[in-house]
Amino acid sequence: MILTCKALMLALTFTLPLFQNGPSGQITLTGAKLEIRLAEYKPAHGLMKQYSADSRRNIYLHRTAIVTNQDIVEVRVQRHAVPEYLLEFIKAGKVKLDRDVNELYEVKLRFTEEAGQRMAKATEKHIGKPLAILVGGKVLSCGVLSSRISDEAYIVGGDWGFTKQEAERIAGSLISK
């Protein structure tokens, strides 16, 4: 995965740690602490070794998170703007989704001005290297930065998006109490 533009696409394709089966068999949110951290693919002094589910390899995290739940000023559920290349693959029959592309949702995060400045400063110096997204202490996504990121991010999961209900659960869990 390559992370680009002002807005960071946080592809949380492994959402299982966020959910568990409730007493009625319904999926319920177990709680989610968001952290966005710089990462490396090779070990170095001061880095923490973690397994990245999406890249299926060990990565090495910087100890300090750039952004956490406390840095979020707005969380919004919205329809996912499906990338043009995915629409082309769907039309060509190369990709099959389990639901209509108009029923895909994402969670938009907007950060405080201070957090946006931290994100911009950190990612500007880290282009070409990985950025890890942790939820509940587990690395769910780790992609290579191709440009600076600042004040907003999008969490996109599953087959290119969440159901509306899943997105609302995730959004609700990320709001600081």
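Here is how the numbers come out for the structure above:
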| quantity | calculated |
| --- | --- |
| Matching option when the condition is surrounded by fewer than 20 Cβ atoms within 10 Å (Cβ to Cβ), farther than 17 Å from K108 by Cα and among the acidic types (D, E), among E152, E168, E124 | E124 |
| Search result, residues across segment 91-100 that are without any contact (Cβ under 8 Å) to a residue 40 or more places away in the chain and not basic (K, R) | A92, G93, V95, D100 |
| Residue within segment 45-54 that is touching a Lys or Arg at 6+ places or on another chain (Cβ under 9 Å), of a type in the set (K, R) and either crowded, with 19+ Cβ neighbours inside 10 Å or modelled with pLDDT of 90 or more (or both) present | no |
| Residue within segment 77-90 that is under 28 Å from Q50 (Cα atoms) and either polar (S, T, N, Q) or touching a residue at least 24 places away in the same chain (Cβ under 8 Å) (or both) present | no |
| Every residue from segment 64-85 that is in contact with a helix residue (DSSP H, G or I) (Cβ under 8 Å, 6 or more places away or on another chain) and either loosely packed, with under 11 Cβ neighbours inside 10 Å or among the aliphatic types (A, V, I, L, M) (or both) | I66, V67, I72, V75, V77, V82 |
| Residue within segment 134-141 that is closer than 22 Å to E166 by Cβ, among the β-branched types (V, I, T) and not in a strand (DSSP E or B) present | no |
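The values are calculated or read from the model by the stated rules, or taken from the named source; none is laboratory data. Remember, predicted model here, so these are calculated numbers, not experimental data. Note that each Cβ is placed from the backbone with ideal geometry, even for glycine, and that neighbours are counted across all protein chains shown.
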